[in-house]
Amino acid sequence: MTRVVVMGAGMIGAACARELALADCSVTVLERGRPAAATTAHGEGNVLVSDKPPGPELELARLSRRLWPGVLDGLPGAGGAEWDPKGGIVVATTEPGAEALREFAAAQRAADVDARELDAAALAAAEPHLTTDVTAAVHYPEDAQVQPAGAATALLAHAVRLGAELRTGCEVLGAVTRGGRLTGVRTPAGTIEADAFVNAAGPWSGEVAARLGVRLDVRPRRGEILVTAPRPPTVFHKVYDADYVGAVGSGDGELQSSAVVESTRAGTILLGSSRRRVGFDDRTRPGVLSVIARKALRLFPSLAGVPVMRAYGGFRPYVADHLPVIGADPALAGLWHATGHEGAGIGLAAGTAAVLRDLLHGRAPEVEAEPFRVDRPAVRPEGAPG
């Protein structure tokens, strides 16, 4: 039986742990804090195809979207995941934005994504509280949402039921190697040995990799979300403006923002989104929250005056080419990575776990894994050690 240590108990780590346990591996999950309490707990739970252009990430997203319902159906106590296949609507409020949105949607349709342009009447029927100042709108029926912490906890609990061991408060401090191979990791509780080690530490993956002696250029990118008081049904899909795709794809370290508005089953409305590269500075900036609120009100003017209960922020694992890192580390045998998903980790988790499982067992995954390889330039710049 293959012994695997998964480092990180967020959504990606939990999904990988469950998938590997299902594949009859002996799994140990190490988490320095509490499960699903960092990046996973500070996300919106997006399971999206609408924001990804044709290419490897879209293929991974489509695989994940296909897998997610079956994964949740097989989880004991998965009700807390709050799976909601409500679909998404992307809108443009300018003519240039409408042209870009239509081109983007056409390219996605060519890649077999269900993207349906809505006329004014259909849009009003779908989202009656949305502004009428819209020049184009595209409906993505495949977009969905989960409650991220609930889903990750259910995945991890299933892994434990399958025999996985969860160790919290267990930080990875360093590597134990033998013959150029990683054979153990040092922790405050002692050395933990295994046959394979999966770095699923999200924004902290670069730091974990460095402690193990290799270079991994995964950095934190901060985002903030506003949460309103519970409202009567107001927003029926995930609605965002066409600027969102550009904000996701930008590598600019300065503030990138766009309007993203969606409701939860509890009746609250989530307002996003922002992206900033500020290291691990966790201070919430009122100016950023003001930008988020202002852009959300452009889409849903009726939210003016609605109380905001709270605001929160978190760090996403950013890679310069905006692709995840999935696979074996060629610089250190025995080390694997499943990280770098930035804000798409919730949606991509099911597919990532399946790809990692297949690669670790020497099988070809359902999607081409080469674009996610560890030694590509964005992840391991030329000349960088490890």
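The values are calculated or read from the model by the stated rules, or taken from the named source; none is laboratory data. Here the structure is a predicted model, which means the values were calculated and not measured. Using ideal geometry, Cβ is built from the backbone for each residue, glycine included, and neighbour counts are taken over all protein chains shown. Each accessible area value is taken on the protein alone, full model and side chains, heavy atoms only, with ligands, DNA and RNA left out. Shrake-Rupley method; radii C 1.70, N 1.55, O 1.52, S 1.80 Å.
Quick one: which residue in 198, 176 is hydrophobic (A, V, I, L, M, F, W, C) and either touching a Pro at 6+ places or on another chain (Cβ under 8 Å) or open to solvent by 10 Å² or more (accessible area, probe 1.4 Å) (or both)?
Only one candidate qualifies: 176.
Restricting to the stretch 161-196, give me the number of residues that are within 20 Å of residue 38 (Cα to Cα) and among the hydrophobic types (A, V, I, L, M, F, W, C).
4
Going by the structure shown, is residue 98 in contact (Cβ under 8 Å) with a residue 12 or more places away in the chain, touching a strand residue (DSSP E or B) at 6+ places or on another chain (Cβ under 7 Å) and open to solvent by less than 80 Å² (accessible area, probe 1.4 Å)?
So residue 98 fits the description; yes.
So how many residues does the stretch 34-80 have that are part of a loop (DSSP other than H, G, I, E, B), of a type outside the set (A, V, I, L, M, F, W, C) and open to solvent by 30 Å² or more (accessible area, probe 1.4 Å)? I'd like the intermediate steps shown before the answer.
Residues of the stretch 34-80 part of a loop (DSSP other than H, G, I, E, B): 34-39, 43-45, 48-55, 74-77.
Subsequent filtering for residues that are of a type outside the set (A, V, I, L, M, F, W, C) retains 34-35, 39, 43-45, 50-55, 74, 76-77.
Then drop every residue that is not open to solvent by 30 Å² or more (accessible area, probe 1.4 Å), which leaves 34-35, 39, 53-54, 74, 76-77.
Total satisfying the criteria: 8.
I'd like to verify a number: residues in the stretch 94-116 that are over 30 Å from residue 151 (Cα atoms) and out of contact with any helix residue (DSSP H, G or I) (no Cβ under 7 Å at 6 or more places or on another chain), how many? Can you show your working first?
So in the stretch 94-116, the residues over 30 Å from residue 151 (Cα atoms) come out as 94-104, 106-107, 110.
So of that shortlist, the ones also out of contact with any helix residue (DSSP H, G or I) (no Cβ under 7 Å at 6 or more places or on another chain) come out as 94-103, 106-107, 110.
The total comes to 13.
Filter the stretch 129-147 down to the residues that are open to solvent by 10 Å² or more (accessible area, probe 1.4 Å) and within 27 Å of the chain's Cα centre (by Cα), then identify the one that is farthest from residue 46 (Cα to Cα). Talk me through it step by step, then tell me what you get.
As a first pass, look at the stretch 129-147 and keep what is open to solvent by 10 Å² or more (accessible area, probe 1.4 Å): 129-135, 139, 141-142, 145, 147.
Now narrow it down to the ones that are within 27 Å of the chain's Cα centre (by Cα): 130, 139, 141-142, 145, 147.
Numbers: 130: 20, 139: 15, 141: 13, 142: 11, 145: 5, 147: 9 Å.
Among residues in the stretch 129-147 that are open to solvent by 10 Å² or more (accessible area, probe 1.4 Å) and within 27 Å of the chain's Cα centre (by Cα), the one farthest from residue 46 (Cα to Cα) is 130.
Regarding the stretch 211-220, can at least one residue be identified that is open to solvent by less than 60 Å² (accessible area, probe 1.4 Å), free of Cβ contacts under 8 Å to residues at least 40 places away in the same chain and not in a helix (DSSP H, G or I)?
Taking every residue of the stretch 211-220 in turn, none turns out to be open to solvent by less than 60 Å² (accessible area, probe 1.4 Å), free of Cβ contacts under 8 Å to residues at least 40 places away in the same chain and not in a helix (DSSP H, G or I).
Of the residues that sit in the stretch 264-290 and are open to solvent by 30 Å² or more (accessible area, probe 1.4 Å) and part of a helix (DSSP H, G or I), which one is modelled with the lowest pLDDT?
This residue is 286.
Identify the single condition in (1) part of a loop (DSSP other than H, G, I, E, B); (2) closer than 18 Å to residue 372 by Cβ; (3) open to solvent by less than 10 Å² (accessible area, probe 1.4 Å) that residue 9 does not satisfy, given that it satisfies every other one.
(2)
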